[in-house]
C-alpha cells in the first residue's frame, strides 16, 4: 500500500464524543470511521486487521474439526417464538424490521435458533453426529448504551461456533478442545499471557458459562483470582455458593479490571428440544441433540488490543495481526529511490509512506498507525550504506547495513 494512493488520511483529532483512547487512535490513524454511536466502518487498514484475526481463529477451529458456514442476518421469527426469545420483554436487545408486504423480521443478535432449525434437515441419526459449525457474521444488538469504542457496539463482527453431540461425553470432549483452541488463539493474537478462562454467569443461554477475560485497565468487567490464578471468576458470580464449589476463600482473591474476549456455553437441549432437533440412537430411540455455543467478538478483540497496547503516540499492533509489518519511509532523493526499489515486488507486505512530507510528519504518522517496524532509508544513511530500523513496541532503533535491511524486509514477507 502506498500512502499517497490511498484515500486514508491521518487526523489530528477524533470525534469529540469518542472517549476511548484506542477508538480515538483507530479513527485518527485511518482504521475506522464512526458512523454514529455504536456503529463503525472499517477502512482498508482496519479491514486487514480484522481479516488477520479471523484467519487465526479459522485456522485453530478448522484444526479441531469445525466447518465454516455463513448464515443470514435477517431472522424468521418462528424459531425464536418456539424458544421464547422473540418476546422483546425477554430479549430486549432485538433490532427488528417491517416487511413491505407485512410481517416482521429480526436482525440476528446471535444464531442458536437458526442453526438449530437449519440442522433439522441434516441430522437424523447418531451417524450424523457430531457436527461442529461456525461462521463470521455481523450481529446486531440494541445496546442501551454503546461505549468503549468498538469494544461495545450495536453492530459488530462475531465468530459464533455451535456444537451438536449425541452424548454428554462427546460434548465435553469437544468443549475442552475448544478451551484449548481458544488458548492458542489468544496466544497467537498476542494477549495469551493476560487472558484467563473465567467462571461466569450463563445469561440468557444457560445457568453458567466460561468467559475469557483479558486484563486491561479499560475493561468493563471486574474479575477475581487466587495467587496462582488457577481460579478466576467474574464479579457477577462472586458468592458463597460459587466460592465453596471452587474451593477458595474470599480473602484469597485479588481483583482486576478485564475485558471479555470470548465465551463458551453448555446449552444441553435448551434449543434442540423446543425446535425438535433430535436423532435416532443405536436402538432406534429418539433423543434431543446436545448443544454448545462458543463466541469470540472479532471486532471487539481488535478494540481490546488497540486499547491494551496503545501508548501516548498511537497504536502498537502485535506482529500477528498488524495490517502490514513494516512502515517504509524514504527521505531525500536517493533515499526515496532506494525505498521505491525495495517496495517494488513487495507491495502486499509493506506500507510505503511515499508522500512528499517532512520526515517528522512521516515519523509521527508511523507511530500513530502502529505497525511493528519502521524502516527508514535516507540520503544520510545511504552515504554510510545503511538504513534505520525502529521497533514500535520498544522504541529501540538500530542502524543496519543496507543488505541487512533488505534481508529484514524479505524475512517479514515470508513470516
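The numbers here are math on the coordinates, done by the rules we state, and not lab data. Keep in mind that what you see is a predicted model, and the values were worked out from it rather than measured. Here the Cβ is made from the backbone with ideal geometry for all residues, glycine too, and neighbour counts use every protein chain on show.
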Problem set entry | Correct choice for P(r) over Cα pairs in 20 Å bins from 0, in percent that was computed from the model, options (1) 26, 56, 17, 1; (2) 28, 61, 11, 0; (3) 24, 49, 23, 4, 0 | (3)
Seminar exercise, completed: Proxy exposure order for 42, 31 (fewest C-beta within 10 Å first) is 42, 31
Exercise. With labels modelled as points extended 7 Å from the Cα through the Cβ direction, what inter-label distance (nm, one decimal) is found for residue 220 paired with residue 69?
Worked result: 2.8
Problem set entry | Degrees, to the nearest 10: 359-369 long Cα axis against longest axis of the chain | 10
Problem set entry | Two-site FRET efficiency, residue 235 against residue 334, from Cβ-Cβ distance with R₀ of 56 Å, rounded to 0.05 | 0.40
Exercise. In nanometres, what is the gap between the two model label sites at residue 385 and residue 76, each 7 Å from Cα along Cα-to-Cβ?
Worked result: 7.2
For this session: Tell me what the chain gives for mean residue ellipticity at 222 nm when only DSSP H runs of n ≥ 4 count, each as -39,500 (n - 2.57), the sum divided by the residue total, rounded to 500 deg cm²/dmol.
Result: -9000 deg cm²/dmol
Exercise. Cα axis of helix 168-189 to longest principal axis of the chain: angle in degrees, 0 to 90, nearest 10?
Worked result: 10
Exercise. What list do you get for 151, 158 if you sort them by fewest beta carbons within 10 Å?
Worked result: 158, 151
Exercise. In whole Å, what is the distance between the alpha-carbon centres of region 185-259 and region 94-129?
Worked result: 32
Exercise. So how tilted is helix 332-343 from the main axis of the chain? Cα-based, degrees 0 to 90, rounded to 10.
Worked result: 40
Exercise. How big is the gap, in Å, between the Cα center of region 11-72 and the Cα center of region 295-318?
Worked result: 9
Seminar exercise, completed: Computed from the beta carbon distance with a Förster radius of 45 Å, FRET efficiency for residue 33 and residue 168 to the nearest 0.05 stands at 0.45
Seminar exercise, completed: From fewest to most C-beta neighbours within 10 Å, the residues 111, 33, 176 line up as 176, 33, 111
For this session: With r as the distance between the Cβ atoms of residue 105 and residue 356 and R0 = 41 Å, compute the FRET efficiency 1/(1 + (r/R0)^6) and round to 0.05.
Result: 0.20
For this session: Compute the distance in nm between two label points, each set 7 Å from the Cα along the Cα-to-Cβ direction, one at residue 364 and one at residue 84.
Result: 6.0
For this session: Name the most mobile residue of 261, 326, 377, meaning the one with the largest mean-square fluctuation, in a Gaussian network model of the chain with Cα contacts below 10 Å.
Result: 377
